[in-house]
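Here's the structure, in structure tokens; my notes come after.
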């Protein structure tokens, strides 16, 4: 635990000693703020259907997914690729830590950074609360969805980062894998007749999963799907590191 | 302290290390010598549980690599080639990170950091960011990191590469000092370094040990008869024959201008006889010096002989 914690701390120092962290945070907040503004003004139009702004904010627009798909690879690309490129992985993995501890430590650091990105958006809830009554249940569920999606996607990114010593390539692999995970569920919409296959795709549909969370529905199937996928990718990352640690 | 039996490593059908066996007792400073690509780094990576061996057994500090790789790592301090460090950390932060990861008891971390900082002479850069350090300091910070958990075995991959002569001397002194408390295995292709620092030398080539012994013993065993360089005036043509007739002298080679190269038996010392002969004949002796073959000679001889044998499955000469 102490070793994992040491890895997390070092990783966080690395994040905040490069300009990348600040650029990502600034860009993320600017874009989220702009989208929030758009959503609120859209809903101010009396002709639009009644909907809560936060339901749109959490996964109800394509922007949510665009951010996620771009930001996550940027957060994870460095994690293991840089250690392998610079050779520090050799020092790390000749000390008494396991590949699993390295992967988990780095993943948790990425998770912490991701949560820090979302933290300021709590202000949107506060702002809305001052002008209207809001139901906190769906808001909490929405944030749960954000955390779970982050868990799964960051795990994919961590795995991708073990696959190359080049950060850019690691980011592109992560992006492609995440797009695949996101779009596989959309196949549901292409299938007309109902079948087991269609149900399977529906089960993997991240858009509807996120929409459920935003509506305040915490469906254990979604929770289990995202958590188990995340754990699977982390497991694969540890295995991949075992094999790939030497060039 | 280090036991290796039939160690082998094959990368994609190409053997890099073949059937290596050796034993290093506690407290020895051992030099790993070999041309680039001989497999030195690969062997070190296997001894530190970084790379899994293809065949064979490794036991370090009584722990079998197969059974407990993480336990083995606890007893080994490793400084990889080129000293990878995290550039964004301060020296102190880096050492504390290493202490945490190596499992140094929490209460001892501060004292250990102070200790290695003092021993590796990096007190003046303690608060500096690693990325701004000079190569010599980087090397010593890396070494400090490898020492922080007081490992029984220290494995250093080319610890003096890329340093200036002053820094090399400092790092060598440090290694010699570390050799008093740790079993040290270091690799290098700088031969005088091995002669200065190591009690024992392995020469490896193409993944096999081609020589093993103390630097002095290797020299005398592998280079053949000792010899004497003599320069004199007044001897003329007859001098060579007269020198060859001296007791103990096996062969004389005239090098011109009064210079001769005398080969003599290992147990004999013909210097006195040469002096008397010169006095007797009225020659003036300008120089007389025993020739010590250098490890360079041994190295070149061994590694080029291997070249000549390439292709044949020649018996490994443990010389």
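The values are calculated or read from the model by the stated rules, or taken from the named source; none is laboratory data. The structure displayed is predicted, hence computed values, not measured ones. Glycine gets a Cβ as well: all are built from the backbone with ideal geometry, and neighbour counts include every protein chain shown.
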Seminar exercise, completed: The residue from B:167, B:196 that alone is within 30 Å of residue B:266 (Cβ to Cβ), touching a residue at least 12 places away in the same chain (Cβ under 8 Å) and out of contact with any strand residue (DSSP E or B) (no Cβ under 9 Å at 6 or more places or on another chain) is B:196
For this session: Give the residues of the range B:71-80 that are at the interface with chain A (Cβ under 8 Å from one of its Cβ atoms) and touching a helix residue (DSSP H, G or I) at 6+ places or on another chain (Cβ under 8 Å), sorted by residue number.
Result: B:74, B:76, B:78, B:80
Seminar exercise, completed: Screening A:148, A:163 for residues that are under 22 Å from residue A:114 (Cα atoms) and in a loop (DSSP other than H, G, I, E, B) leaves only A:163
Seminar exercise, completed: When restricted to B:273, B:217, the only residue part of a helix (DSSP H, G or I), within 30 Å of residue B:20 (Cβ to Cβ) and modelled with pLDDT of 75 or more is B:217
Problem set entry | Selection within the range B:88-114 - facing chain A (nearest Cβ under 8 Å) and either in contact with a strand residue (DSSP E or B) (Cβ under 7 Å, 6 or more places away or on another chain) or part of a loop (DSSP other than H, G, I, E, B) (or both) | B:88, B:89, B:103
Problem set entry | Meets criteria (on the phi < 0 side of the Ramachandran plot, surrounded by fewer than 22 Cβ atoms within 10 Å (Cβ to Cβ) and assigned to a helix (DSSP H, G or I)) for residue A:107 | no
For this session: Among the helices (runs of 4 or more DSSP H) lying completely within the range A:26-101, list those that include at least 1 residues that are within 14 Å of another protein chain (Cβ to nearest Cβ).
Result: A:78-86, A:88-92
Exercise. Within the group B:231, B:195, B:177, which residue is in contact with a helix residue (DSSP H, G or I) (Cβ under 9 Å, 6 or more places away or on another chain) and either surrounded by 15 or more Cβ atoms within 10 Å (Cβ to Cβ) or part of a loop (DSSP other than H, G, I, E, B) (or both)?
Worked result: B:195
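Using the structure shown, decide if residue B:131 is in contact with a strand residue (DSSP E or B) (Cβ under 6 Å, 6 or more places away or on another chain) and assigned by TED's automatic domain parsing to the domain that holds residue B:31. Step through it out loud before you land on a result.
On the way: in contact with a strand residue (DSSP E or B) (Cβ under 6 Å, 6 or more places away or on another chain): no; assigned by TED's automatic domain parsing to the domain that holds residue B:31: yes.
In short, no.
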Problem set entry | Spans of strands (runs of 3 or more DSSP E) in the range B:12-70 with at least 1 residues within 14 Å of another protein chain (Cβ to nearest Cβ), within 22 Å of residue B:175 (Cβ to Cβ) and touching a strand residue (DSSP E or B) at 6+ places or on another chain (Cβ under 8 Å) | B:55-60
For this session: Give the residue that is nearest to the chain's Cα centre (by Cα), with candidates limited to residues of the range B:129-163 that are surrounded by fewer than 19 Cβ atoms within 10 Å (Cβ to Cβ) and within 12 Å of another protein chain (Cβ to nearest Cβ).
Result: B:131
Seminar exercise, completed: Per the filter on the range B:235-257, residues touching a helix residue (DSSP H, G or I) at 6+ places or on another chain (Cβ under 9 Å), assigned to a helix (DSSP H, G or I) and surrounded by 10 or more Cβ atoms within 10 Å (Cβ to Cβ) are B:239, B:242, B:243
Exercise. Do we find that residue B:18 is exposed (fewer than 15 other Cβ atoms within 10 Å of the Cβ), in the same structural domain as residue B:135 (by TED's automatic domain parsing) and over 30 Å from residue A:2 (Cβ atoms) in this structure?
Worked result: no
Problem set entry | So residue B:161, is it under 30 Å from residue B:209 (Cα atoms) and in contact with a helix residue (DSSP H, G or I) (Cβ under 8 Å, 6 or more places away or on another chain) | no
Exercise. Among the residues of the range B:115-125, is there at least one that is within 12 Å of chain A (Cβ to nearest Cβ), in contact with a helix residue (DSSP H, G or I) (Cβ under 9 Å, 6 or more places away or on another chain) and surrounded by 19 or more Cβ atoms within 10 Å (Cβ to Cβ)?
Worked result: no
Problem set entry | Condition check for residue B:94: more than 27 Å from residue B:30 (Cβ to Cβ), touching a residue at least 40 places away in the same chain (Cβ under 8 Å) and in the same structural domain as residue B:24 (by TED's automatic domain parsing) | yes
For this session: Kindly indicate whether any position in the range A:11-20 is over 30 Å from residue B:147 (Cβ atoms), within 14 Å of chain B (Cβ to nearest Cβ) and at pLDDT 85 or above.
Result: yes
Problem set entry | Test result for residue A:226, in a helix (DSSP H, G or I) and modelled with pLDDT under 90 | no
Exercise. Residue B:295 fails exactly one of the following numbered conditions: (1) crowded, with 16+ Cβ neighbours inside 10 Å; (2) at pLDDT 85 or above; (3) under 30 Å from residue B:193 (Cβ atoms). What is the number of that condition?
Worked result: (2)
For this session: Give the range A:2-32 a look and list any residue that's more than 30 Å from residue B:86 (Cβ to Cβ) and touching a residue at least 60 places away in the same chain (Cβ under 8 Å), or say none.
Result: A:32
